[in-house]
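Let me begin by presenting the structure, written as structure tokens, before commenting on it.
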Amino acid sequence: MPSDATPSRPRDFSAYPPETTYLDLIARNRRNSVLLVLALGVLAVTSIVSAAAAVIIYGGGTLDTRAIGLAVAVAAGVFAVTTLWGYYGGSRTLLGISQAQQIDKPRDPELFNVVEELSIAAGLPMPSVHLIDSPALNAFATGRDVEHAAVAVTRGLRERLTREELQAVMAHEMSHVRHLDIRLTMLVATLAGLIVLASDLTWRSLRVMSYRSGGSRRGNRSGSGGGAVVLVVLIAAILLAILAPLMARLIQFAVSRQREYLADAGAVELTRDPQGLINALRKLSADGTPLEQATQATAHLFIVNPHLQARGAAEWNSPFSTHPPVAKRIARLQALIR
């Protein structure tokens with residue numbers, strides 16, 4: 001018989017060999033996430049280069065070696081600045097968008113005690129605790145690392161969950177901190193937003209400059225830019241403007257779904273209570289209260305999708321889902337009950 005100190009293993013992962021451990025799943029997920037982020041980074045730089053090239057061509061410039069070098073330099077600079085901003089300021093922005101106010105222990109001793117217990121169990125520093133003034137049931141974690149982490153819960157979640165259910169939800173969020181999902185999801189969201197902005201810039205430059213130049217002048221500029229090379233670049237820019245935002249969202253959602261599964265398993269490892277998280281997920285998924293502070297940019301951070309939650313709709317198991325279906329998450333958790 002394993003002792004109480006033995007970490008629980010998500011036994012319902014039938015696609016994995018029997019000897020696969022919880023730590024194996026974490027390591028595999030991190031490797032996959034790194035590959036996804038690298039792909040997203042390449043896509044972001046390519047999108048910025050494409051946007052810069054489109055602006056140069058339709059602005060009357062020549063697409064020569066110097067212009068291409070300038071476009072690449074601009075792309076690298078924008079990528080670096082945006083990534084640094086996301087790393088150091090992204091969590092504050094997300095908390096601000098969500099209208100999450102930091103609270104101290106005297107205001108909610110029970111919540112602080114729960115978070116403190118989980119921090120000790122996970123071997124993590126105590127995160128800052130924030131409250132979202134909404135009757136909806138939801139929570140999320142953010143931050144750039146374990147020393148600068150924050151957890152946020154809604155007022156409705158504090159009022160309507162039992163202590164065991166609250167502990168399970170906070171264990172899920174602390175698992176996001178422990179696995180450094182908070183850094184990864186923030187970086188992915190920043191890159192995805194950058195790709196969308198670059199694609200939008202490409203479309204605007206193609207529309208506006210084409211309208212201003214007219215068919216004959218546009219043809220002259222294409223010739224001065226190198227003819228076939230310019231045409232290829234413009235076609236590539238159009239394709240990227242169409243496909244890049246879609247690909248960015250698919251990668252972002254894929255990362256989010258995998259992280260939710262592992263945070264569920266990590267919560268059980270910390271609390272030894274799968275039923276607590278099962279009960280909490282059932283309450284959250286059944287709640288139809290809209291979370292007005294949630295946006296499309298922040299929905300993937302929450303423990304359940306706040307937009308589907310408000311409509312009483314189930315999360316589809318599709319590439320366009322930000323979260324795995326709650327029913328499937330519960331089924332995996334039920335496999336951990338001995």
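Values as computed for the structure displayed
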read-out	value
Scan of region 134-185 for residues that are among the basic types (Lys, Arg) and free of Cβ contacts under 8 Å to residues at least 40 places away in the same chain, ordered by number	Arg155
Subset of region 213-264 [at pLDDT 65 or above, closer than 21 Å to Thr65 by Cβ and touching a Leu at 6+ places or on another chain (Cβ under 8 Å)]	Leu234, Ala237
Qualifying residues in region 160-185 (those that are surrounded by fewer than 21 Cβ atoms within 10 Å (Cβ to Cβ) and at pLDDT below 95) - the one farthest from Ala121 (Cα to Cα)	Leu184
Residue list for region 113-151, filter: buried (at least 22 other Cβ atoms within 10 Å of the Cβ), touching a Pro at 6+ places or on another chain (Cβ under 9 Å) and among the β-branched types (Val, Ile, Thr)	Val115, Val151
Residue in region 106-122 that is basic (Lys, Arg) and either touching a residue at least 60 places away in the same chain (Cβ under 8 Å) or in contact with a Lys or Arg (Cβ under 6 Å, 6 or more places away or on another chain) (or both) present	no
Scan of region 178-188 for residues that are aliphatic (A, V, I, L, M) and touching a Gly at 6+ places or on another chain (Cβ under 7 Å), ordered by number	Ile182, Met186, Leu187
Single unsatisfied condition, Leu124 versus (1) within 29 Å of Leu194 (Cα to Cα); (2) not in a helix (DSSP H, G or I)	(1)
Flag for Ser91 being among the polar types (S, T, N, Q), at pLDDT 75 or above and touching a strand residue (DSSP E or B) at 6+ places or on another chain (Cβ under 7 Å)	yes
Pairs with Cβ under 7 Å, 6+ apart, first in region 270-294 and at pLDDT 95 or above, second surrounded by fewer than 20 Cβ atoms within 10 Å (Cβ to Cβ) and among the polar types (S, T, N, Q)	Ile278/Gln334
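Residues checked against (1) at pLDDT 85 or above; (2) under 19 Å from Leu194 (Cβ atoms); (3) exposed (fewer than 15 other Cβ atoms within 10 Å of the Cβ):
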site: Thr62; (1), (2), (3): no, no, yes
site: Ala75; (1), (2), (3): no, yes, no
site: Gly86; (1), (2), (3): no, yes, no
site: Leu111; (1), (2), (3): yes, no, no
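The values are calculated or read from the model by the stated rules, or taken from the named source; none is laboratory data. Just so it is clear, the model here is predicted, and its values are computed rather than measured. A quick note on method: Cβ atoms are made from the backbone with ideal geometry, for glycine too, and the neighbour counts reach across all protein chains shown.
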